[in-house]
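The values are calculated or read from the model by the stated rules, or taken from the named source; none is laboratory data. Model, not experiment: these values are computed from the prediction. As a convention, Cβ positions derive from the backbone with ideal geometry for all residues, glycine included, and neighbour counts pool all protein chains shown.
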Amino acid sequence: MKETLQKIREAALSAIQDPSADPEQIRIQYLGKKGELTSVLRGMGSLSPEERPIVGQMANEVRAAIEAALTERASTEKKRLLEEKLKSEKIDVTLPSAAPRIGHLHPLTQVQRTIEDIFIGMGFSIAEGPEVEYDYYNFQALNIPENHPARDTQDTFYITDNILLRSQTSPVQVRTMEKQKPPIRVISPGRVYRSDAVDATHSPLFHQIEGLVVDKGITMSDWKGMMETFAREFFGSDTKLRFRPHHFPFTEPSAEIDVSCFVCGGKGCRVCKNEGWIEILGAGMVHPFVLSNCGIDPEVYSGFAFGMGIERIAMKQYGIDDMRHLYENDVRFLEQF
Ligand code: PHE
């Protein structure tokens, strides 16, 4: 019996060393209920009382040795699998990573912020007004009564008889003067709406920046000086300005202001359509009627106002020939700015 036990031990241990053998099979074969060691133990009844404990102890040792060998094999196996896994999943942390794509401000926002910064630098603050506006603020208070022909030039979206989508940022002039006593220096950027068909230079929604200065003793030379300072900061220090007489019901006198072309310097090129000048804004001295409509005495105070289209300026500055690009948000287009 001792010999049988010894044989079982040797056979089991050598089987465990064989990497192709399944350790679970080995366990069943030797230690299982019907296993070889178990059947030896069953036969112990036929042994003499002296032999029984000796063989019993030996059988226990054999079982312990087989179990230990199986445990060891399991742990080597585990280690080997882990090593394999580590090897196959190895990453090289020194490889350069793919650069993340970082977004940036939309070109219209960039132009708007640049313009804002220039005026903030001259002591202006930012005023905002509603896009859904009363006819009163968009027209009447700006000296554009009902049936005035100037209404036709701004095809307005009406919501009711007296509520509309603002067709210009000028109503913010009125709202500001109603709330705030002079001195006033504000700019007001925002969306405006006109019932225009979409094409390369028109959109029913676009953006303007309005400016308003009101104080005692504001003259046309202040107006002109500030427009020049702005244009030189924005377009470059060589920029020249041209004031062309114009008419706005809410300013008197009024002008359209052109800057010398920042591409050709005035010689004539594609950007300025060979004119040497680019129109950038409408402006004028605030009409006395507008001041008094807002409770400001035109005998004491005077001021000037201006308004410019942000799209126009962005398109000229970046050489964008179709306004629709600015709204389609094609990343391939936007990435360029
Ligand atoms: N609101 C005018 C427009 O949309 C521009 C303007 C603003 C003119 C302020 C004069 C003063 O055309």
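Here are the numbers:
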{"quantity": "Positions within region 82-120 being farther than 19 Å from GLU335 by Cβ, surrounded by 11 or more Cβ atoms within 10 Å (Cβ to Cβ) and hydrophobic (A, V, I, L, M, F, W, C), in sequence order", "calculated": "ILE115, ILE118, PHE119, ILE120"}
{"quantity": "Cβ-Cβ under 7 Å pairs, at least 6 apart or on other chains, region 221-241 side more than 13 Å from ILE118 (Cβ to Cβ) and in contact (Cβ under 8 Å) with a residue 24 or more places away in the chain, far side among the aromatic types (Phe, Trp, Tyr) and surrounded by fewer than 16 Cβ atoms within 10 Å (Cβ to Cβ)", "calculated": "none"}
{"quantity": "Residue in region 215-225 that is within 28 Å of GLU146 (Cα to Cα) and away from the ligand (no atom under 16 Å from the Cβ) present", "calculated": "no"}
{"quantity": "Checklist (1) surrounded by 15 or more Cβ atoms within 10 Å (Cβ to Cβ); (2) free of Cβ contacts under 8 Å to residues at least 24 places away in the same chain; (3) under 38 Å from the mean Cα position of the chain (by Cα) applied to VAL259, failing item", "calculated": "(2)"}
{"quantity": "Top-ranked residue of region 280-312 - restricted to ones that are assigned to a helix (DSSP H, G or I) and modelled with pLDDT of 95 or more, ranked as surrounded by the fewest Cβ atoms within 10 Å (Cβ to Cβ)", "calculated": "SER292"}
{"quantity": "Any hit, region 267-277, residues being among the aliphatic types (A, V, I, L, M) and either crowded, with 18+ Cβ neighbours inside 10 Å or farther than 24 Å from ASP196 by Cα (or both)", "calculated": "no"}
{"quantity": "Checking GLU228 against (1) away from the ligand (no atom under 16 Å from the Cβ); (2) on the phi < 0 side of the Ramachandran plot; (3) at pLDDT below 95, the condition it does not meet", "calculated": "(3)"}
{"quantity": "Checking SER221 against (1) outside any strand (DSSP E or B); (2) among the small types (Gly, Ala, Ser); (3) crowded, with 16+ Cβ neighbours inside 10 Å, the condition it does not meet", "calculated": "(3)"}
{"quantity": "Tally of residues being of a type in the set (Val, Ile, Thr) and either surrounded by fewer than 20 Cβ atoms within 10 Å (Cβ to Cβ) or more than 16 Å from the ligand (Cβ to nearest atom) (or both) across region 313-324", "calculated": "1"}
{"quantity": "Criterion (closer than 15 Å to ARG312 by Cα and of a type outside the set (Phe, Trp, Tyr)) met by exactly one of GLU233, GLU279, GLU228, GLU275", "calculated": "GLU279"}
{"quantity": "Test result for ASN147, away from the ligand (no atom under 14 Å from the Cβ), in the same structural domain as PHE250 (by TED's automatic domain parsing), among the polar types (S, T, N, Q) and at positive phi", "calculated": "yes"}
{"quantity": "Inter-residue pairs, beta-carbon under 8 Å, first within 11 Å of PHE206 (Cα to Cα) and in region 298-315, second within 16 Å of the ligand (Cβ to nearest atom) and among the aromatic types (Phe, Trp, Tyr), 6+ apart", "calculated": "GLY309/PHE206; ILE310/PHE206; GLU311/PHE206"}
{"quantity": "Flag for GLN154 being closer than 23 Å to PHE124 by Cβ, surrounded by 15 or more Cβ atoms within 10 Å (Cβ to Cβ) and out of contact with any Pro (no Cβ under 9 Å at 6 or more places or on another chain)", "calculated": "no"}
{"quantity": "Residue match in region 6-19 (condition: surrounded by 15 or more Cβ atoms within 10 Å (Cβ to Cβ), under 14 Å from ALA64 (Cα atoms) and small (Gly, Ala, Ser))", "calculated": "yes"}
